[in-house]
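Asks: Quick one: the structure is below, and I'll ask about it shortly.
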Amino acid sequence: IQDCKIIIMPMAEAEVIDAIVKPAEIHGYKLGEGLLDLILRDVKQEKNCLPLLQFALTELWQHRDTQHHQLTVDQYREIGGLTGALNLHAEKLFRELTESQQNWVQRICLQLVHTGRETKDTRRQQPKQYLLDLTENLQERQYGIDVVLQKLIEQRLLVIDEEKGEARIDLAHEALMEGWSRFAEWRQENRELRQLCERINEELNDWLEHSQSDNFLMSGGRLTQIARRWKELKPNLTIQAHEFYQLSYLKEQANSSFQANVETFKEWLQELQEQLSTRLKILDRKSVEVDEKTNLNAAYESQARQLQMDIQTFQNKVEHFEERMQASYIAAIWIAERQDILIELMVQAAINYHPEIIGQEGAPSSSASLQKLYQEMDKYLIWLIDSLRNGSRLDEQLDIGFPFPTTAYTKAFEAIQQNLQLEEISSPAAYELQRYLKFLITYFRYYG
């Protein structure tokens, strides 16, 4: 390290002046009056200014006065000064590319920016392989991403470095984000979407750090938000991020209940309500613009406000349904924790009412019938647990055969109803459980 490492200190003003003036003098050119002072003023305003200075001087040389062998203030201002030169340079390269390559320039540049929420955007390095993994298409990698990367690096807009044997890409200068006007515009578009992409990548890295454990897959409201916007998100994510999303989605589907639907409905309703509020504000403004349209605008406004009220009413119902879903889930857990005890209770109640269903004690068929009765009670208790957990409708048909008299099933569930310890379960959960028990008891009585 001591033999190879060279520390280069920032240039003093005299050195900056030499860097500006002497290359021009070598070629027989002079700086016009006021130009050096103007450049030095711009340089002082920019931290780590040398890349910008290089761009500016290169562009200034292209615009030099060959007749009088001069570089002038007018020429410097024509190229836009220190940051304007960078914009011209980047734009020239961009316009020379195909439409497909231009799209890749945008995608690559945005991948090299961390989108700030309450702070300004900052540049960030990315592994070259990460950028290549934005597509599975080998042709796109070779003739799209790779070609674009090479051109951007050759033109000093990007730099490539190596870290622990891995090629990494970075913006040549943070000033590129503001100095290149097109890049600045890109950064203002779809900011929320890019922040969501960054959140997915954070979750992905967390999952990888925890040995790809299912416990660290995405879930809940975040996954619902991502699923709704997946078509927009997908092009901005790597193949690995696609797989991570798919695994998360499949797991969520496997464990899904009506709860996820409730959350989705609430989000949709909230968005619709916001759109309506915006629409009402527009109507409020337009209603005073043209007298002859007053009645029409008033009608539209009245309809919109009524719809807004309807949405609020439905939203309240959704929230109420959500509370019931939570109570129902608690009831399901309560039963699952006492499943063995409740099955014994159900079997005994059925036998007490229909002793003949297991035959005479000691007979060959007695043990088989008893085992079958246990299986039947277990089957319906599992149905009850699943129905409570998933919020199944009470009018859903069971479509299960009855090898024993239906009154045996009635008595079994009446035993649960009669022995329900209300102090062990919350009132809302007990209410939901009672609803299902009443349904089952009525159902078996009807078929009996």
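Rule-based calculations on the coordinates, nothing more; no lab input. None of the values given here were measured: they were computed from a predicted structure. Note: ideal-geometry Cβ built from the backbone for every residue, glycine included; neighbour counts use all protein chains shown.
Asks: Could you tell me which trypsin sites (Lys or Arg not before Pro) in segment 1-60 are loop residues by DSSP with no more than 15 other beta carbons within 10 angstrom of their beta carbon?
Replies: Of the trypsin sites (Lys or Arg not before Pro), the ones in loops of segment 1-60 whose Cβ has at most 15 other Cβ atoms within 10 Å are Lys5, Lys47.
Asks: Oh, and also: From the phi angles alone, apply the Karplus equation (6.51, -1.76, 1.60; θ = phi - 60°) to segment 18-35 and give each ³J(HN,Hα) in whole Hz, x where the residue is Gly or Pro.
Replies: With the stated coefficients, segment 18-35 comes to 4, 5, 7, 7, 5, x, 5, 5, 4, 9, x, 10, 10, 8, x, 4, x, 5 Hz.
Asks: Taking θ = phi - 60°, what integer Hz values does the Karplus form 6.51 cos²θ - 1.76 cosθ + 1.60 yield along segment 228-238, in sequence order, with x for Gly and Pro?
Replies: For segment 228-238, the Karplus curve yields 5, 10, 4, 4, 6, 6, 3, x, 9, 10, 7 Hz.
Asks: Find which of Ala167, Gln188, His210 sits farthest along the positive direction of the dipole of segment 166-256, computed with +1 on the beta-carbon of Lys and Arg, -1 on that of Asp and Glu, about the Cα centre.
Replies: The residue sitting most towards the positive pole is Gln188.
Asks: Using the crude model of +1 on Lys and Arg Cβ and -1 on Asp and Glu Cβ, and no other charge, please compute the dipole size for segment 185-251 relative to its Cα centre, in debye to 20.
Replies: Value, rounded to 20: 300 debye.
Asks: Quick query: amide H of His114 versus all other amide H atoms, modeled in the peptide plane; which residues come in under 5 Å with a sequence gap of 5 or more or a different chain?
Replies: Thr122, Arg123, Arg124
Asks: Now for a separate question. Using only the Cα atoms of segment 1-140, construct the convex hull and provide its projected area averaged over every direction, in square nanometres to one decimal.
Replies: Convex hull of Cα atoms, orientation-averaged projection: 13.5 nm².
Asks: Taking θ as phi - 60°, what are the ³J(HN,Hα) couplings along segment 158-166 by the Karplus curve (6.51, -1.76, 1.60), each to the nearest whole Hz, with x for Gly and Pro?
Replies: Per-residue couplings from phi come out as 10, 10, 10, 9, 10, 9, 6, x, 10 Hz.
Asks: I'd like to compare 111-118, 130-137: which one has the highest average count of other Cβ atoms within 10 Å, and what's the full order after that?
Replies: 130-137, 111-118
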